[in-house]
Amino acid sequence: MRYYHHFLLGFSLLLLANFAFSQSYTTRTTLNPKLQKQFEKVRVHVDAKAFAEAKTGLNKILQEDPNFIDGIILLANILYDEQDYLQAIKSYQTALQLVPDYQTRLYYQLALAQMRADDFEGAIPTWDQFLQREKKNTDVIQRAKRNRADAVFAAEAIKKPLPFQPEKLPASINSPDQAEFLPSVSADGQTMVFSRLIQGQEDFFVSTKKDGIWQAAAPMVALNTPFNEAGHCLSADGKTLYFTGCNQAKSLGGCDIYVSYFQDSTWTQPLNLGAPINSGAWESLPSVSASGRVMIFASDRSGGQGGRDLWLSRLLPDGKWAVPRNLGQRVNSSGDEQAPFLHPDGTTLYFMSNGHPGMGGFDLYLSRLDSTGNWGTPQNLGYPINTRANEGALAVSLDGSLAWFSTDVEDTRNAEGIKLGLSDIYQFALPETDRPKMVTFTRGKVFDLNTKAPLGAEIEVVELASKKTFYKAKVADDGTFLVCLPLGQNYALNASYPGYTFYSANFALVEVRNADQAHELSAGLQALPQSDAPFVPADKTPIVLRNVFFETASATLRSESAPELDRLADLLQQNPALRIQINGHTDNVGKDADNLKLSELRAKAVYTYLLSKGIAAQRLSYKGFGESQPIADNATEEGKKENRRTEFVVQ
């Protein structure tokens, strides 16, 4: 390969010299009549894709007339189409050495062949030769400039390969003679939905893990139709699927975006999202944020930067999607951008593009959202993650360590030796430079504390520092939920249902540096009185206010406590028969008497806050218990933290 590289480099220098002389040559019209007849037979073979016969005929002609320029070019083109790039390069070089200015497009074809053979440095001067000669066709000139930029990038990238050991997923997912692509994985990494191409038909398949092994993929019968279904995004909890449906009845364009929900052990009838997400143009490949409030998708609608662009829409308070906006020139190029994947961290966007400098074809890129709300300059994921093959549809695990993608890099050929280009799904360890912020998740179930029946509660997660809602959604019919939480923030989670107390949880993730473990929650809610009649609660289990915070060794409430206390005030206002006692508790650090006093002052601080919100004093009482009622072991810091708590009890 080293010898071959020097050979190409020498040839490129020869091209730069523009050839001091050229030899005599023959063309189709000046070729010997006998050979002309043979050449016409060759062309018939080419039209019939009988390349072996065509090459045999051409070689016989070229033995008799080695300077037959049109024969040399046709042989080069056949070799290129057969993906025998090394031999194609030699034939293109022979033609150009014979007649440097016979056809300008030969420089274009030679440069493409050089890039397909991974000789990127050799391709750069060949592109220059083409650009010096071609002055009229602006579209071709733009493509050549883009290809040259790819060659420059690739020539450097292959000198600095990233650690990359892709592992092909097992036969339970990848089939031997069909294309698998567009993997989408649930937050817990246990469910994968992907597309499979069967006799030109794109359908959904799903696989789940058992004991860490992907099980045999099954078709998603409820969603597959005689038309194409692909370009999908599985929600974090695996219970909502946004996808692309093409040529469906009552569609707005050729391809539209649909949504289906997993309910009662099956997927619901797909719903077309309608305008403004869908239009008369092509919409496809949606990616929805873990919060469910942002959608990024690909479209060739008007107002874009190139062919297919990435567009962003936000979910409005009324549950409708806002008019999409183009992600702009920094992300979108004059080429095509597709297959966005917005990582659950909410700030890292992966996508495929053939318009930014890369290795050729579609490469994988990432862009990060900055503090001003703008997407940064796309970063190529590097070589050999990206190759001269088409890479696409990346999905990344919550912690950013593992990625899944599809590629047609494997040399799969048919009986005639023609490369099929069948894509398969692989996984690999994502290099540190390409990783998003780490994300963990919490999952659990909301239920009636007395009957244990599931409740269709609303889950709300608030960023405590900003007091902004990060996530808000209704749980599944069985009461289960899953919420992704990016590290680096502190969160308050609340589960609420009409006629019940609420449940709160706190996630202190500001200083957490790994996402090894999911947080499992069991959120039991107490039923509340439904009238002014005397009420005796079925269960007097204290309800811990896990998002009420005080200054150290003080009864001064911290500002982050406001969302939780406001929720408690709302609960009291909406349930006028509800009476509560506020209890304060401490750990065992310090004197008993001091702890008892501090706990009472803290309970009183919450009582006072509720009074300030208009809650009548006769509905409230408070009491301090000091360190007398621990709920965890005071021997550990985690236990002490749990024991320092404020709670209320329904009276």
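Remarks
- Value of relative contact order over the range 208-321, rounded to a whole percent, pairs C-alpha under 8 Å and six or more apart: 18 percent
- Within a straight-line Cα-Cα reach of under 18 Å, K145 can be paired with the following lysines, leaving aside sequence neighbours fewer than 8 residues apart in one chain: K135, K136.
- Rounded to the nearest Hz, the phi-derived 3J(HN,Hα) couplings of the range 251-260 under the Karplus curve 6.51 cos²θ - 1.76 cosθ + 1.60 (θ = phi - 60°) are 6, 7, x, x, 10, 10, 9, 10, 9, 9, where x marks glycine and proline.
- To put it simply, the accessible area of the chain at a 1.4 Å probe is 51 percent carbon and sulfur.
- Probe 1.4 Å, accessible area per residue of the chain, Å²: 47 Å²
- For K591, the lysines whose Cα falls under 28 Å of its own Cα, not counting residues fewer than eight places away in the same chain, are K604, K623, K640, K641.
- Charge sum, other residues only, whose C-beta stays under 10 Å from D363's C-beta, Lys/Arg counted +1 and Asp/Glu -1: -1
- Rounded, prolate or oblate (a/c below 1.5 giving rounded, otherwise prolate when a/b exceeds b/c) for the range 61-168 by Cα gyration tensor: oblate
- Packing around the peptides 544-550, 276-282, taken as the average count of other Cβ atoms within 10 Å per residue, puts them in this order, highest first: 544-550, 276-282.
- Peptide packing for 65-78, 207-220, 467-480 was compared via the average number of neighbouring C-beta atoms within 10 Å per residue; ordered from the highest value, the list is 65-78, 467-480, 207-220.
- 30 Å Cα-Cα threshold exceeded, pairs from K210/K239; K209/K472; K168/K320; K445/K468; K472/K597: K168/K320; K472/K597
- Among 594-603, 265-274, the peptide with the highest mean count of other Cβ atoms within 10 Å heads the list, and the full ranking is 594-603, 265-274.
- Quarter of Cα convex hull surface for the range 550-632, i.e. mean projection, nm²: 5.7 nm²
- For the chain, the fraction of C-alpha pairs farther apart than 45 angstrom is 37 percent.
- For the range 277-383: rounded, prolate or oblate by the Cα gyration tensor [a/c cutoff 1.5]: oblate
- Cα shape, the range 173-216, gyration tensor, a/c 1.5 rule: prolate
- Extension gain, D594-T56: 0.36 nm per intervening residue step, less the Cα-Cα distance, totals 183.7 nm.
- Over the chain, relative contact order from alpha-carbon pairs under 8 Å, at least 6 apart, %: 7 percent
- For the chain, the cysteines with no partner cysteine C-beta closer than 4.7 Å are C233, C484.
- Helix-only mean residue ellipticity at 222 nm for the chain, each DSSP H run of n ≥ 4 adding -39500 (n - 2.57), per residue, nearest 500: -8000 deg cm²/dmol
- Cross-link reach list, aspartates and glutamates versus K55, counting only Cα pairs under 19 Å and skipping chain neighbours closer than eight places: E40, D47, E64, D65, D70, D81, E82, D84, E416
The values are calculated or read from the model by the stated rules, or taken from the named source; none is laboratory data. Here the structure is a predicted model, which means the values were calculated and not measured. Glycine also receives a Cβ, built like all others from the backbone with ideal geometry; neighbour counts cover every protein chain displayed. Please note that ligands, DNA and RNA were not included when accessible areas were found on the heavy atoms of the full protein model with its side chains. Shrake-Rupley method; radii C 1.70, N 1.55, O 1.52, S 1.80 Å.
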